[in-house]
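Some notes on the structure that comes next.
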Amino acid sequence: MDLAKNEPMKLTNLWGKHAAVRLSLLVIPAFLCSAPAAGFLHTQGENIVDEQGQKVVLRGVGLGNWMLPEGYMWRFGESGDRPRRIEKIVSDLIGPEHAEKFWREYRSEYVTENDLRRLAQLGFNSVRPSLDARLFLSEGENGVFQSEGFELLDNLIR
């Protein structure tokens with residue numbers, strides 16, 4: 001499948017019933033470490049281990065409000081307590097064209113390489129971004145893949 005062609009494809013056809021959970025688990029492994037990742041993490045009994053079988057303790061932080069605007073962070077009160085309402089407030093304030101540009105720039109600049117370095121210095125070895133499905137798949141019965149969400153995640157784990 002070629003994402004660049006925007007082929008219609010239901011996400012559940014690609015990753016199964018729990019697609020959102022599986023997608024979020026793809027980005028949880030310890031990619032903040034200063035050394036290159038040794039590979040995928042997996043479980044061994046009750047432990048999470050690397051490819052060499054060494055126990056890994058995930059020390060993570062959430063990247064809330066980045067790809068999914070969160071009302072408590074914007075402090076708009078009940079009128080802006082969820083992503084669509086926040087997006088509407090921004091659109092009403094600056095117009096739909098400027099709002100689209102604002103959100104693209106906001107998401108592309110929200111988390112920088114320096115931010116990730118600092119998180120690693122503080123002892124974190126994983127992050128959990130909140131994901132908005134609309135950045136990955138258009139709405140409607142025959143959803144079309146959207147490149148922005150995938151590009152943001154690609155940039156995060158590079």
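The values are calculated or read from the model by the stated rules, or taken from the named source; none is laboratory data. What you see is a predicted model; the values in this text were computed from it and never measured. A quick note on method: Cβ atoms are made from the backbone with ideal geometry, for glycine too, and the neighbour counts reach across all protein chains shown.
What pairs come out if I take residues in segment 79-97 that are in contact (Cβ under 8 Å) with a residue 60 or more places away in the chain and assigned to a loop (DSSP other than H, G, I, E, B) and pair them with residues that are surrounded by 13 or more Cβ atoms within 10 Å (Cβ to Cβ) and not acidic (D, E) whose C-beta lies under 6 Å away, six or more apart or interchain?
Close Cβ pairs satisfying both conditions: none exist.
Just the residues that are under 19 Å from the mean Cα position of the chain (by Cα) and small (G, A, S), please, taken from segment 38-76.
If the condition is that a residue be under 19 Å from the mean Cα position of the chain (by Cα) and small (G, A, S), then G60, G62, G64, G71 are the ones that fit.
Quick one: which residue in R117, R128 is free of Cβ contacts under 8 Å to residues at least 40 places away in the same chain and either assigned by TED's automatic domain parsing to the domain that holds F40 or assigned to a loop (DSSP other than H, G, I, E, B) (or both)?
Unique residue meeting the criteria: R117.
Residues in segment 100-110: is at least one surrounded by 12 or more Cβ atoms within 10 Å (Cβ to Cβ), in contact (Cβ under 8 Å) with a residue 24 or more places away in the chain and not in a helix (DSSP H, G or I)?
No, the conditions are met nowhere in segment 100-110.
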